[in-house]
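These notes concern the structure reproduced below.
The values are calculated or read from the model by the stated rules, or taken from the named source; none is laboratory data. If you're wondering where the values come from, they're calculated on a predicted model, not measured in any experiment. Heads up, the Cβs are rebuilt from the backbone with ideal geometry, glycines too, and the neighbour counts pull from every protein chain shown.
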Amino acid sequence: MIEMHDVYKVYGNGVKALNGVDMKIDQGEFVYVVGPSGSGKSTFIRLMYREEKPTHGVILINGVNVKRVRDWKIPYLRRNIGVVFQDYKLLPNMTAYENVAFAMEAVEAPKRKIRRRVQEVLELVGLHDRMSALPSQLSGGEQQRVSIARAMVNNPSFVIADEPTGNLDPENSWDIMYLLEEINAQGTTVVMATHNREIVNTMRKRVIAIEQGVVVRDEHQGEYGYED
Amino acid sequence: MKIETMFRHTREAFKSLKRNTWMTFAAVSAVAVTLLIFGIFLVFAFNISYMASELDKQVAIRISLSQTATNDDIDQLREKIENDSAVKSVDFIPKEDGLKRMKEQWGEDEKFLKGLENDNPLPDILEVQAKNPQQTESLANKLSKYNFVEHVDFGQGVTDRLLDLSGWVRNVVLIFGLGLAVLAAFLISNTIKLTIFARRREIEIMRLVGASNWFIRWPFFIEGGMIGVLGAIVPVTVVLLGYNAVIGILGAGEAYSFFKLLGMWPLSLYVAGITIILGVFIGVWGSLISIRKFLRI
């Protein structure tokens, strides 16, 4: 569960990104976060995986106040959250398998477990026959699937995706969406910031719209609601 | 931490050393120069303190006699000392001779001593040599309890001066060495900075997937430590080979009674150990500078 109570975020340069956000995302939900560029969407997302700290207000992740978590404990908080980016953030000199395994090695998982689990998630994302390919040998859609596999490999209870389809053509975008839907169906909470009107309007999930740092709309089975 | 993880960190550190060959080389060289100076100093320091302790045991015991002692008293005392089984020889230096020696030592400034002939303030002296140098100190203590013995000293003058010298050398080396160590640490911190930069993507991903802060930091500390160890190898080798050659020429503990040098063992162990530890310390210090400055966790 992710909760925000009266959350403000003001950056060092004076930019007010969030101006009092209240919301709650339950375990197992699928939520789109929409809003124009510069609306505070990205800040909203970054606060969830504790890349930013709120200037004011309380953020609870599974009941833990992230502002109060000591620095050295943050890594353990993050193990519960998988993050997916628009630009995939894969390591170019590692194969698909190694990229995913890297996430488990970094949390010091045992070797045997790594081998089994990495194959499992690569199968889940449909890349079990591309394991030894380097990112440069994979298409954009495939790369994003590797990055989703990496986000999933440590069994997080949340997956937070910041414009995961932003660099993909419609067909690949839909593949990614089906994958995220499947992950969600298995019980993982998915929070996804997006500009993709077609996807939001077709899939009809919960939509949180942010404008000028406040939540202006929060609907179940919502729509994208903006003219591009 | 698991052994497996440690291997991984070490591998990462090695990779980075190879990746920044020239920076690594510069940093290792800086450490090497610093440690060479430290190493040479260490050998000196160990030997000087050794020599001082040896000299303590060798030098003659000077007994200042009470002004009230008559010639008979002195003869008796001298006889008593000569009969001591621990004594090798006894010389009597009357105060007139003492003044003469003093004038010789003072040279030009002898004029300050003019007029003292008539009212010589110096004591008569008995100079005692122990049979066994090791017993000088205990013998001196024994003699100091005899009648008409006003004061006993044995070589503190010489050894004190030697220790003064070594203290002075130490201060110079410390200041100079500290400057070099700072320079070396700075070069190491630059190498580490390059590594942090080269691995920034990996670091970003490690943070995102929840690698602990120490998991992320370790490879950089190891890299710095390795630079320190690599930087220690050359100076340790040079210093020990050089010292071995010096011993070969001057001879350890023989030949010259004054230049009694320490043998290779266990000196080489101390010098190697201290130098390597110092190298690691400089290396880790250098990494720490960059880790604190550039590694955002």
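Assorted remarks:
- Scanning the range A:135-153 for residues that are over 14 Å from the mean Cα position of the chain (by Cα) and assigned to a loop (DSSP other than H, G, I, E, B), we see that the one that is surrounded by the most Cβ atoms within 10 Å (Cβ to Cβ) is A:LEU138.
- With respect to the conditions (1) in a helix (DSSP H, G or I); (2) without any contact (Cβ under 8 Å) to a residue 40 or more places away in the chain, B:ARG78 falls short on a single one, namely (2).
- Some residue of the range A:215-226 being surrounded by 14 or more Cβ atoms within 10 Å (Cβ to Cβ), at pLDDT below 90 and among the small types (Gly, Ala, Ser): yes
- Set A:SER132, A:SER157: member being surrounded by fewer than 15 Cβ atoms within 10 Å (Cβ to Cβ) and more than 11 Å from chain B (Cβ to nearest Cβ): A:SER132
- For the range B:148-172, taking the residues that are assigned to a helix (DSSP H, G or I) and surrounded by 15 or more Cβ atoms within 10 Å (Cβ to Cβ), the one that is modelled with the highest pLDDT is identified as B:ARG170.
- Any chance A:ILE2 is surrounded by 21 or more Cβ atoms within 10 Å (Cβ to Cβ), within 13 Å of another protein chain (Cβ to nearest Cβ) and under 16 Å from the mean Cα position of the chain (by Cα): no
- Checked against the criteria, A:ASN93 counts as surrounded by fewer than 22 Cβ atoms within 10 Å (Cβ to Cβ) and not small (Gly, Ala, Ser).
- Residue among B:PHE186, B:PHE221, B:PHE197 that is closer than 24 Å to A:ASN99 by Cβ and in the same structural domain as B:LEU35 (by TED's automatic domain parsing): B:PHE197
- Within the set A:ILE183, A:ILE199, A:ILE208, the sole residue that is out of contact with any His (no Cβ under 8 Å at 6 or more places or on another chain) and more than 24 Å from A:GLY126 (Cβ to Cβ) turns out to be A:ILE208.
- Total residues in the range B:82-102, condition hydrophobic (A, V, I, L, M, F, W, C) and closer than 18 Å to B:ASN118 by Cα: 3
- Set side by side, the residues A:LEU134, A:LEU122, A:LEU138 differ, and just one is in contact with a helix residue (DSSP H, G or I) (Cβ under 6 Å, 6 or more places away or on another chain) and either more than 17 Å from A:MET192 (Cα to Cα) or at pLDDT 95 or above (or both), which is A:LEU122.
- Residue list for the range A:115-173, restricted to those being among the hydrophobic types (A, V, I, L, M, F, W, C), in contact with a Ser or Thr (Cβ under 7 Å, 6 or more places away or on another chain) and under 24 Å from A:VAL33 (Cβ atoms): A:PHE158, A:VAL159
- The listed residues are B:LEU126, B:LEU139, and the only one of them that is part of a helix (DSSP H, G or I), crowded, with 17+ Cβ neighbours inside 10 Å, touching a Phe, Trp or Tyr at 6+ places or on another chain (Cβ under 9 Å) and modelled with pLDDT of 75 or more turns out to be B:LEU139.
- None of B:MET6, B:MET1 is within 14 Å of chain A (Cβ to nearest Cβ), assigned to a helix (DSSP H, G or I), surrounded by fewer than 13 Cβ atoms within 10 Å (Cβ to Cβ) and aliphatic (A, V, I, L, M) except B:MET6.
- From the list A:VAL84, A:VAL31, the lone residue that is within 14 Å of chain B (Cβ to nearest Cβ), crowded, with 21+ Cβ neighbours inside 10 Å and modelled with pLDDT of 95 or more is A:VAL84.
- Within the range A:47-63, tally of residues that are surrounded by 14 or more Cβ atoms within 10 Å (Cβ to Cβ) and without any contact (Cβ under 8 Å) to a residue 24 or more places away in the chain: 1
- Qualifying residues in the range A:104-128 (those that are within 8 Å of chain B (Cβ to nearest Cβ), at negative phi and among the charged types (D, E, K, R)) - the one farthest from the chain's Cα centre (by Cα): A:LYS111
- When restricted to residues that are of a type in the set (Lys, Arg) and within 19 Å of the chain's Cα centre (by Cα), the range A:45-103 contains 6.
- Verdict on B:ALA185 being in contact with a helix residue (DSSP H, G or I) (Cβ under 8 Å, 6 or more places away or on another chain) and either within 14 Å of another protein chain (Cβ to nearest Cβ) or assigned to a helix (DSSP H, G or I) (or both): yes
- Screening the candidates B:ILE205, B:ILE216, B:ILE196 for the property of being away from every other protein chain (no Cβ under 14 Å), surrounded by 15 or more Cβ atoms within 10 Å (Cβ to Cβ) and part of a helix (DSSP H, G or I) yields one hit, B:ILE196.
- When residues in the range A:62-80 are screened for being at the interface with another protein chain (Cβ under 9 Å from one of its Cβ atoms) and either polar (S, T, N, Q) or touching a Lys or Arg at 6+ places or on another chain (Cβ under 8 Å) (or both), 5 of them pass.
- Among the criteria (1) touching a residue at least 40 places away in the same chain (Cβ under 8 Å); (2) more than 18 Å from A:ASP87 (Cβ to Cβ), the one A:GLU171 does not fulfil is (1).
- Here A:ARG150 meets each of (1) more than 14 Å from chain B (Cβ to nearest Cβ); (2) at pLDDT 95 or above; (3) closer than 13 Å to A:LYS89 by Cα with one exception, condition (1).
- Residue within the range B:57-66 that is hydroxyl-bearing (Ser, Thr, Tyr), more than 14 Å from chain A (Cβ to nearest Cβ) and either in a helix (DSSP H, G or I) or closer than 27 Å to B:ILE188 by Cβ (or both) present: no
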